[in-house]
Each structure stands twice: as structure tokens, then as C-alpha cells.
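Everything below concerns the one structure shown next.
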Amino acid sequence: MPTSQSKPHPLLAMGTHLHTASLASNLILHFPKLVSNPSSTLLTTLPILALLQSGHLLLSTSSPKKRRKPSKTTTISTSITPLFLSLTFSLLVGAPVLYLLLILFGAPVTTHFSETALTAVHLSLLACFPLVFQLGVDGVRWREVVACHATVDEAFLGAVGACVGAWAGAVPIPLDWDREWQRWPVTILTGAYAGYIVGKTVGWAGRGRKMPF
Amino acid sequence: MFAKGFFPYKPFLPGLAVFNEEDVQTPAPFNKVVFMVVDALRSDFVFGERSGFKFTQSLIFSGRAIPFTAHATSPTITMPRVKAITTGSIPGFLDVILNFAESDTTSSLAQQDNWLAQIKANGGKLVMYGDDTWIKLFPGMFTRSDGTSSFFVSDFTEVDNNVTRHIDDELARDDWNAMVLHYLGLDHIGHKSGPQSAFMLPKQVEMDGIVERIYTAIETQPHLDSTLFVLAGDHGMNDAGNHGGSGEGETSPALVFMSPKLKTIASTYEVPLKAPTKPRSGEFGFYDTIEQSDLAPVITSLLGLPVPRNNLGVFMPKFLQLWKSEERVDVMMRNARQLRSIVVAAYPEFERLSQMPYAPHNQCGDSPSDVEELACLWREATYLLGTRNRKNIVDTSEPATAIHESLWKLCTRYQQILSGVASNYDLRLMTGGIALMVGATILSVVKLVPVIGESSLADLSFLAITVAYGVMMFASSFVEEEHHFWYWVATGWFMLLFLKERRKSNGEFGLIFVLTLLRIIRRWNQTGQKYAGAPDIVKSYFPEHTTILWVLIILTYFDVFVGICRHGFRNIGPQAAGIFAFTTTMAAFGFKLSFAAYDAMELVPTWLMPGAKALTEVPLVNQARAVFGVVGAGMLYTICESNSSAAMGVDGNTTPSTADQSQPTDPVDHIAISMRELTDIFLLTQTRFANTPLILLFRLISRRLESLKTLSAFEITLTILILQHVSFFALGGANAISSVDLSNAYNGVAGYNMVIVGFLTFVSNWVGPIFWASAAPMLLRERRPADARETWKKHVLVMTTFFAVAGLAVMAACTALRTHLFIWTVFSPKYLYLMTWSLGFHIVAGIGWGSFMIAVSRK
């Protein structure tokens, strides 16, 4: 099922960068609070993130790909329902799966529950939400994504970037600098955001290509 | 070669010091000394507000005791500290290794001058009760002694009672001149449950009671009236109760001099000392902080003996009050002359420089070099001394103080500069070592390049891991927290493998299972520096769930038992194999159980107690020997079996017993597997019992990997490399000297045998890596049975490349960061660990044992 790669409207192209910029500024703005009080900051920034992601998806994607007949007259209103479904799905399924993955990758089990869970939700909104919205319930394409074999686009590379970023975010934790920001899960979340932004931008630039390996 | 340049050679002057004709003999304020060492007695244990040393504090308060915090240099372990206390020198890093090879004769102090030898040489008698380190360090020196060994750290009371029971007897006698007591209980409590332990305060109260007993005897009994009583810790402990590094807690032991005579000193204080008190500096800097080596000149001077030759300690001017004012200069001068002779040995030009005429009002601090500064200070001091002698003044108040000050300044500068000498590096040798390493690296890379290319994923990952590891060696916190790197790499690598598997086939979630196991494994033992002492499965979960622990342990042994039953002893029939497997595993399990009952009774559940009790009848040594014997016999038999089946020729492969079995597998497999199972039994014996279930988890992972047929040989090699490191840290290993586990080093050894104990120590600390090394041949054979030799060669090549690069990186880091604050605490232990990894583990266990197993199974 090839993606219909019509030339993106210049305004839409601007939109994706605007979205990137607002994601980054959201993180930077809330960073001091995130360091001093991770749980509550993670919670309060969730709606902002959800809104940013939804707005971006509504504006940039012409139509969810699960639709058999791509109608030319996709409007924001027709996309609202799948968008809402995707959001629910990524919150109810994506976040718990990511929580388990975070645990497997070394997140604390017995302590810091709210921090880890909220990190999983953030990660899910960054990585899963766009993917679900775009892929729907297409098993074949999901398998391609899990095998890292899908066609390059913003959502896919963004998700890869977010996961790799979260993984790489663990690097500075053991350093003996004794900084406040080394606490859990600040670096993980920062890594995820940074990875998502980089992956998304690369995916945007190289959309339509195959993965090199 | 690098090692020789890196670990500095320190010249020491042999022979005993004697009084020179220039030294003026001064009367000795004391003629006896009681030297009471309490192992790991951190300063706050005595001086702090939550201390149990109430009597000692009352002595400080009333001025009959002079307290210090004695700064101990790293490595903060007992033997180097005892050396520092007695000789006044600063032991080099090499002593750390010798501490573990305890009875090695080169580390004994028979050759080096020290205050015990001085007492003996001057006709005194010595007695010693406590830690047998002293007896090993000073062979034949003590007239009466009773050594206790610190083998079982769970023993809090017996070790100390064995010392205390001699005290009254000895205090009644007057034939000794020095009594050394070394209590280990407090250190054991620290190792076992940390400084906040509930046992800590009662132990301090007990120690305080002993102080009171001895002090009261000194005060009341006439034959003890000129006895100096010293209470000292050899080192401190960190918040986890361990020591060895240079944390503030570890380097700050308490030191108290006690005697009724000391009141004369206290009377000169402007403000009487308070006790208990708050630290003056940092967390543990109570009262004045001095160097631990300063003890040596103080003790010898107070006893009227010459200062030990290699002493770098400085006499404390405070104690000068004990002498008449005109004698004080001589006491200081002796110390200064003694230090001067070391300076002359280290810097021959000093002799010439010190002869130069003295120019008054010359600022010595501006001198161009250390030697010249010392020479300048020396000239100043001798000038002042000369003027005093010329004037022949009895009224000494004003000039004498100036001389004391000048001499003291001179001595402390000596100390600072000479301590620096102790870490001079031979850069030429170090560069040579690095050059050799570069050669080895290039060689292995050149050899490796043509054979790679099979799997781009593994190639890239190997490159990334090796480079990242090399870079990491330059960051002290990453060296300390190396386990994080490996856990982190392991998750990433297994995720990559998982994704790769998803590409090829569907439905294989085995790698997620491996990831889950790895998640449990990394929580097993908390390791590293930053979070040392944080809760983990072994320390927080098992003490309350002993049944689960032992069920897991039994499962582990059962798993190995099944393995041997299935694959071992094919030629003698399944019954015999079953019996043999049963004997072996039961012997090994019995040993583990009785060891556990000995070492940590509280971790053995009640339903296993009868078994443990029954086993205590048999000495541990014999049990361990039985296990080793059975394992050895099993291995020998397996090797013979492989030979005989090879001798029977190609058709003889199906021997009668294997024909009975329904599985038509290749007998070659069985031999390799049973060798591996027997190795596992041996490894299990050398593992701390709380860690044995980890071996079960490793076995599960290894079985999962075997079933993943799509992995290439290189991917398997890389997986093994990662798992070797992960398992090393999961079993509690770290890049710190204090993490070396000695609890299994004496299994089956009654006396001390350096080779065997060294070997057992190595195995017990490298259990995990050796497990993977012995699993490697099997895992690789699964890949490509056709050209096993080629695959093995490549495996060895990859491993060699990794260790060569790692070695190069560590050496470069040690050279580049040789002036770094952490060089002795972080980088040089890492270097020692790397040497063991590459020489001990990689060459012997990785290549040697692996090749042996392949050779045996190929016959």
C-alpha cells in the first residue's frame, strides 16, 4: 500500500517545522520544573503534548491510511474520529507496552512508578500516536515497522528516533556530576524528545525512501 | 612492562636505624606501649555524638587522652595500613595485590625498619593478639601471640573474644614492652551490614569497655605506670561498610593517645577539648587531622627509640611538652635527620645544596625546585640550631619555639615532597608498554578485517561497542559504573537481535524472554560506587524470603543434575550416570549448604537446618575437596571416554549404551556438554550461595540462544562478549579493589598456597565470564558444525581484538591521567582488573579452556 506522496503544500511543510519547534520549546520551557518536580510536570505537560501531536497530525496528514478509498475531500472533521481512536489506543495499549519495555531496559520497578509510567505515556504520544493514526490496524505494515523495514516517513523515523533517544538518554545517569537533572527520568525524556525531533526531521527530509539496512 | 613503569618502584633503606653520634639521647617518657587497633574504626565512631565510646570520650574531656583523625592514604585495606603505622612509610599500590597474597614473604616487614623491630632490637619483648596480618608481617617477632583470621565475616563476637581473653593475663605480667591488639569484629559488622547496623553500637560499647579495662590497669598498677596506650583504627569505612578506596569515610580512622601523663599537654590548651564533638572539617575530620604515618615517629620518640629509617611521618609538636624544654629540639632534630637521609637517597644533589651558606631572610617558598626548597629549609633550621648552641642559652622560650617551628616546617615539607616521590612514573617503560599494546591491537585488527563482513549488524555493533568502551575508560565515573555500560549495551543489542529476528521469521519472542531475565539479573547485586549499598535482590529480598532463595538454589543444582544425567557417562549406562550425577550434585549442594550455614546462618531457612546441622560434622575443607575430586574425576573420565570412542573408529560411535537411548544424537555433543556441566558444578562451588540462582538464569539464556538458529557466528561471539561482562557485574564484581570477593578463595584449602588460593579467587570472581567462555564452544558449534575450527578461530580473534583495544585504552588513560585525583583509586584498579580480564580470563579461560573443550569433543 504505497503512500500517496502528493507534493506537500508549502504551508504544511512549514507546519511540521512549527510543530517541531513548539515541541522543543515545550520541553525547554518546562525543563527546570521537570528537574525539580518530574511527576507533576510530566502530568501537566501531557495535554499540551497531546494537543500539539493531534494538531500536527490533523494538519499534515491528508488522510489516515487505513481508509481504503482516499477521498479527496478529507477535512479536519472526518479525521477527528480516527484521531481520537488512535489517541485512545496509544494511551491504553501503547503506553503499557512501552512501560514494560522501559522496565526491561532498566527502569526502576519498585520505586518511581508515576515517573516511569508518565514517561511511557509521553513516549507513547511521541512514538505510537502518529504511527497508529497513520497505520491503523494494518498488520503487515505494523510488522514492517517492528522489523525496522518500513518506508521512511516522519511518523516511523520519529518513533525510531524517540526510542533510540530514550535509550541513549540513559548514558549520563551514572556520571558523578551530581546534577539535579541526572535524576530519573529527566534524561530519558529529554533523549526521547530530542530523538523524536531528529528522527522526524530526517524522516521528513528522506520521506518515501527505503530503510538503508 | 607498562606495569613496571606505572607502579612506582620505591627505594627503601634496609637495616635498623640506630642513634647517630649527633643525636642527643633524650629520656623516654614511656617504656611500654599498648597498641590497640580496632579494624575500620572510623573517626565518628569514637568522637561523634552517636558513639559508644563514652569512657574514651571522658578521657578526652578530662585531658588524659589526645585525639586525632589519622588520615589513611589509599588503598585503605588492613595490610598497607599496618605497614604505614609501623614503618611510617606510605605503602605503594603494589601492596594491594600483596594484601590478597597475604603470606607472600616479600610483603613481610622483616626487611624494613619499624617500631616493633626497634623495640625488639633494644631488648624489648612483644606480644600480639588479634588479626594474624601482624603475625604474617612480622614473622618471629612476637614472644607470645594468638592470631585470629578474618575469614568468616559473619563472626562478630568470637574473633574479638579470642583477643579479649588474653588481656587480663598480659596486664598482670610485666615482661613485655609492647602489646598489640587487633580487633576485627567492628570491621566484620561493617562489611556485613554497614555502619548503621544495629550491632554497631553494642560493639563500640564493648570496645570502650576494653579501653576502660586497660586504662584503669595503667592507672592503678605500678608496673604499668609509664605505659602509653594508643587506640587506633587502621582505616575507616564508607556508607556501605566497605573500604579500600579513598572516600572520606574510608580514609578517616580515629586515633587516640591515652595516658595519665598526657595531662601535662592538655594543661597547655587554651580551650579544653570537647567530647563528643562535631567534625572540624568535612564529615569525619574530628580534632586535628594528621597523617597515619606520623604515628611511627611519635611512638618511637615517646619510647626513646630511633625513628624507623623509611619513616615519612612527622613528629607532632604537641607531644614536645612531655620533655624538658632543652630536650625538645633534639627530639625534633632526630626526626628531621632521619627524613633528611631519605631525601638524600631520593635526590643525591640535596647533600651539595644543603652545604651552601645560609642567607637569612631568604624566602624558601620561592625556591625553583622542591629539592632546593628543602635544602633551604634545612639550612634555615641548622642555622637557628647553630645560633642557639653558640649562645648556649638555657632560657629557651623564644628561640626554641622558632626552631621547633622551622624544624616542623622542614619535616612537613619533607613529608609532602617524599610522598610525591612515591608516585613517580617511569614514562619510558609506560610508553614502551603502550607501543607493544598498539602493536598487538594493529595485529589483531589486521587479522580480523579479512574475516568479517558476514553480518553488517554485528560488525557495526562490535565497532561501536569497542570504540565506546575505549573512550569510556577515560571517564572516572564510567569506570566506576562500568556495569551500567554493559547493561545498557546488552539491552540495546538484544533489542537489535529481536528486531532482526522479527524481520526473518515471526512468532519468536525468545529474545524478549532473554531481556526479561537480564532485567532480573541486573537487579541481583548492586554494584559500582555511586549507589553502593542501595537495595538489591540479594541484600533486600532474600533475607526475608530464604525459602525462595533455597528453592532457586536447589533448582539450579537440579538443572545441572539433569544435564549430567542426560549427557554424561554414556559408556557406562544410564543408571551409573544417574548415580554419578546424583553424587556430584549432592556433594556440591551439601558443600554450599554447610558453607551457607557457617557463613550466614540467618539466610538458611528452618526446613534446611537439619541437613545443615548434619553436615557440620564433616569439615568444610574435606567437603570442598570431595566436590573438586568428583568433578575432576568426572572430567578425566569424560576425556577418556572421548578418546576411547575415537579409538573405536567411525563405526564405534554408537556404543552399546548410546544405542539403548532413543535419541540418535552425535556422541561428540555429549562429551562437550558433559564437560560444560561439570564446569558448571565447579563454578557453582565457587559462587557465593546467594548468587547461585544467577547461574540458572544464565543457563536459561544460553539455552534460548542455542535455539535461535538464525544467529550468525559473529553475532553469537558478540553476544557472548556482552554477556561475559554483564555476568561479571551481575555477580557483584566492580572495578574496585574492595569488591574482590575472597569468600570462596579457601575452598578445600587448609593452609595457604598462593597458586591454589590465587586460582580459586580468580575463578570465584570471574564465575560469570567463565560460564560464558565454557558455553561459547557449544553455542558456536551449533552455528556451523562443518568448520568449527574456523569459527572458533574467528571467535578468538574478535575477543582478542576487544581486549587489546580495551587494554590500550586503559593504559592510555592511566598515562594521560596520571596526575588525576582518582588515578590510584579508579584508574589503576581498572588497569589491574583489565590485566586479569585479558591475561587471566581471556587467555586462560577464554582461549585455553575453550580450545581444550573443542579439542576434547572433536576427537
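Being over 30 Å from B:HIS191 (Cα atoms), open to solvent by less than 10 Å² (accessible area, probe 1.4 Å) and not hydrophobic (A, V, I, L, M, F, W, C): is that true of B:THR227 here?
Values: over 30 Å from B:HIS191 (Cα atoms): yes; open to solvent by less than 10 Å² (accessible area, probe 1.4 Å): yes; not hydrophobic (A, V, I, L, M, F, W, C): yes.
When the stated conditions are applied, B:THR227 passes them.
Within segment B:758-840, considering only helices (runs of 4 or more DSSP H) that don't extend past its boundaries, which have at least 2 residues that are more than 21 Å from B:PHE698 (Cβ to Cβ)?
Correct list: B:788-816, B:828-835.
Cβ contacts < 6 Å: first residue farther than 21 Å from A:ALA155 by Cβ, restricted to segment A:41-58; second residue of a type in the set (Lys, Arg) and surrounded by fewer than 19 Cβ atoms within 10 Å (Cβ to Cβ), any location; separation 6+ or different chain. Result?
Pairs that qualify, where the first residue is farther than 21 Å from A:ALA155 by Cβ and the partner is of a type in the set (Lys, Arg) and surrounded by fewer than 19 Cβ atoms within 10 Å (Cβ to Cβ), are A:THR41/A:LYS33.
Could you tell me how many of the residues in segment B:5-53 are modelled with pLDDT of 80 or more and surrounded by 14 or more Cβ atoms within 10 Å (Cβ to Cβ)? Walk me through it before giving the result.
So the first thing to find is which residues in segment B:5-53 are modelled with pLDDT of 80 or more, and the list is B:29-53.
Retained after the next criterion (residues that are surrounded by 14 or more Cβ atoms within 10 Å (Cβ to Cβ)): B:29-48, B:51-53.
Of the residues in that region, 23 qualify.
Filter segment A:155-213 down to the residues that are modelled with pLDDT under 85, closer than 28 Å to A:GLN134 by Cα and within 14 Å of chain B (Cβ to nearest Cβ) and list them by number.
A:LYS210, A:MET211, A:PRO212, A:PHE213
Just checking, how many residues over segment B:561-592 are buried (at least 20 other Cβ atoms within 10 Å of the Cβ) and β-branched (Val, Ile, Thr)?
Residues that pass the stated criteria total 3.
So in segment B:504-528, with the set limited to residues that are at pLDDT below 75 and facing chain A (nearest Cβ under 8 Å), which one is most open to solvent (accessible area, probe 1.4 Å)?
B:ASN506
May I ask you to list pairs of residues, at least six apart or on different chains, whose Cβ atoms are under 9 Å apart, with the first in segment B:810-824 being at pLDDT below 80 and the second being open to solvent by less than 20 Å² (accessible area, probe 1.4 Å) and part of a loop (DSSP other than H, G, I, E, B)?
Listed pairs, sorted by first residue: B:TRP824/B:PRO75; B:TRP824/B:PHE93.
Name every residue in segment B:619-665 that is outside any helix (DSSP H, G or I) and modelled with pLDDT of 60 or more, in order of residue number. First the steps, then the outcome.
Applying the first criterion (outside any helix (DSSP H, G or I)) to segment B:619-665 yields B:619, B:648-650, B:654-655, B:661-665.
Matches in segment B:619-665: B:PRO619 only.
Quick one: in segment A:113-153, of everything that is within 13 Å of chain B (Cβ to nearest Cβ) and assigned to a loop (DSSP other than H, G, I, E, B), which residue is farthest from A:GLY208 (Cα to Cα)?
A:ALA147
Residues are listed down the side, and each one gets a yes or a no for (1) surrounded by fewer than 24 Cβ atoms within 10 Å (Cβ to Cβ); (2) at pLDDT 85 or above; (3) within 30 Å of B:PHE827 (Cβ to Cβ); (4) over 23 Å from the mean Cα position of the chain (by Cα):
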position	(1), (2), (3), (4)
B:TYR183	no, yes, no, no
B:GLN204	yes, yes, no, yes
B:GLY233	no, yes, yes, no
B:GLU248	yes, no, yes, no
B:SER252	no, yes, yes, no
B:ALA266	yes, no, no, yes
B:SER281	yes, no, yes, yes
B:GLU291	yes, yes, yes, no
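Do the conditions hold for B:PRO308, that is, is it at pLDDT 80 or above, touching a His at 6+ places or on another chain (Cβ under 8 Å), closer than 26 Å to B:SER74 by Cα and surrounded by 24 or more Cβ atoms within 10 Å (Cβ to Cβ)? First the steps, then the outcome.
Values: at pLDDT 80 or above: yes; touching a His at 6+ places or on another chain (Cβ under 8 Å): no; closer than 26 Å to B:SER74 by Cα: yes; surrounded by 24 or more Cβ atoms within 10 Å (Cβ to Cβ): yes.
It is false that B:PRO308 is at pLDDT 80 or above, touching a His at 6+ places or on another chain (Cβ under 8 Å), closer than 26 Å to B:SER74 by Cα and surrounded by 24 or more Cβ atoms within 10 Å (Cβ to Cβ).
Considering only residues that are of a type in the set (D, E, K, R), touching a helix residue (DSSP H, G or I) at 6+ places or on another chain (Cβ under 9 Å) and surrounded by fewer than 16 Cβ atoms within 10 Å (Cβ to Cβ), which ones fall in segment A:177-213? Spell out the reasoning first.
Kept after step one, since they are of a type in the set (D, E, K, R), are these residues of segment A:177-213: A:178-180, A:183, A:200, A:207, A:209-210.
With the extra rule that they be touching a helix residue (DSSP H, G or I) at 6+ places or on another chain (Cβ under 9 Å), the set shrinks to A:179-180, A:183, A:200, A:207.
Residues satisfying the conditions are A:ARG179, A:GLU180, A:ARG183.
Could you list, in sequence order, the residues of segment B:710-736 that are touching a Lys or Arg at 6+ places or on another chain (Cβ under 9 Å), modelled with pLDDT of 85 or more and of a type in the set (Val, Ile, Thr)?
Answer for segment B:710-736, where residues must be touching a Lys or Arg at 6+ places or on another chain (Cβ under 9 Å), modelled with pLDDT of 85 or more and of a type in the set (Val, Ile, Thr): B:ILE716, B:THR717, B:VAL726.
Take the residues of segment B:444-456 that are more than 9 Å from chain A (Cβ to nearest Cβ) and free of Cβ contacts under 8 Å to residues at least 12 places away in the same chain: which is nearest to A:GLY169 (Cα to Cα)? Steps first, please.
So in segment B:444-456, the residues more than 9 Å from chain A (Cβ to nearest Cβ) come out as B:444-455.
Next, only the ones that are free of Cβ contacts under 8 Å to residues at least 12 places away in the same chain stay: B:446, B:449-450, B:453.
Values: B:VAL446: 34, B:VAL449: 32, B:PRO450: 35, B:GLY453: 30 Å.
This residue is B:GLY453.
So that you can scan it fast, the table gives a plain yes or no per residue for (1) under 18 Å from A:ASP176 (Cα atoms); (2) within 8 Å of another protein chain (Cβ to nearest Cβ); (3) touching a strand residue (DSSP E or B) at 6+ places or on another chain (Cβ under 9 Å):
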position: B:ALA458; (1), (2), (3): no, no, no
position: B:LEU463; (1), (2), (3): no, no, no
position: B:ALA468; (1), (2), (3): no, no, no
position: B:MET472; (1), (2), (3): yes, no, no
position: B:SER477; (1), (2), (3): yes, yes, no
position: B:GLU482; (1), (2), (3): yes, no, no
position: B:VAL489; (1), (2), (3): no, no, no
position: B:GLY492; (1), (2), (3): no, yes, no
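Residues being surrounded by fewer than 17 Cβ atoms within 10 Å (Cβ to Cβ), in contact (Cβ under 8 Å) with a residue 24 or more places away in the chain and closer than 21 Å to B:PHE682 by Cα: count how many of those fall in segment B:593-621. Give the derivation first.
Of all residues in segment B:593-621, those surrounded by fewer than 17 Cβ atoms within 10 Å (Cβ to Cβ) come to B:601-602, B:605-607, B:609-611, B:613-614, B:616-619, B:621.
Keeping just the survivors that are in contact (Cβ under 8 Å) with a residue 24 or more places away in the chain gives B:601-602, B:605, B:607, B:618, B:621.
Then keep just the ones that are closer than 21 Å to B:PHE682 by Cα; that gives B:618, B:621.
Within segment B:593-621, residues that are surrounded by fewer than 17 Cβ atoms within 10 Å (Cβ to Cβ), in contact (Cβ under 8 Å) with a residue 24 or more places away in the chain and closer than 21 Å to B:PHE682 by Cα number 2.
The values are calculated or read from the model by the stated rules, or taken from the named source; none is laboratory data. Since this is a predicted model, take the numbers as computed values, not measurements. Heads up, the Cβs are rebuilt from the backbone with ideal geometry, glycines too, and the neighbour counts pull from every protein chain shown. For the accessible areas, the whole protein counts, side chains as well, though only heavy atoms, and no ligand, DNA or RNA atoms are used. Shrake-Rupley method; radii C 1.70, N 1.55, O 1.52, S 1.80 Å.
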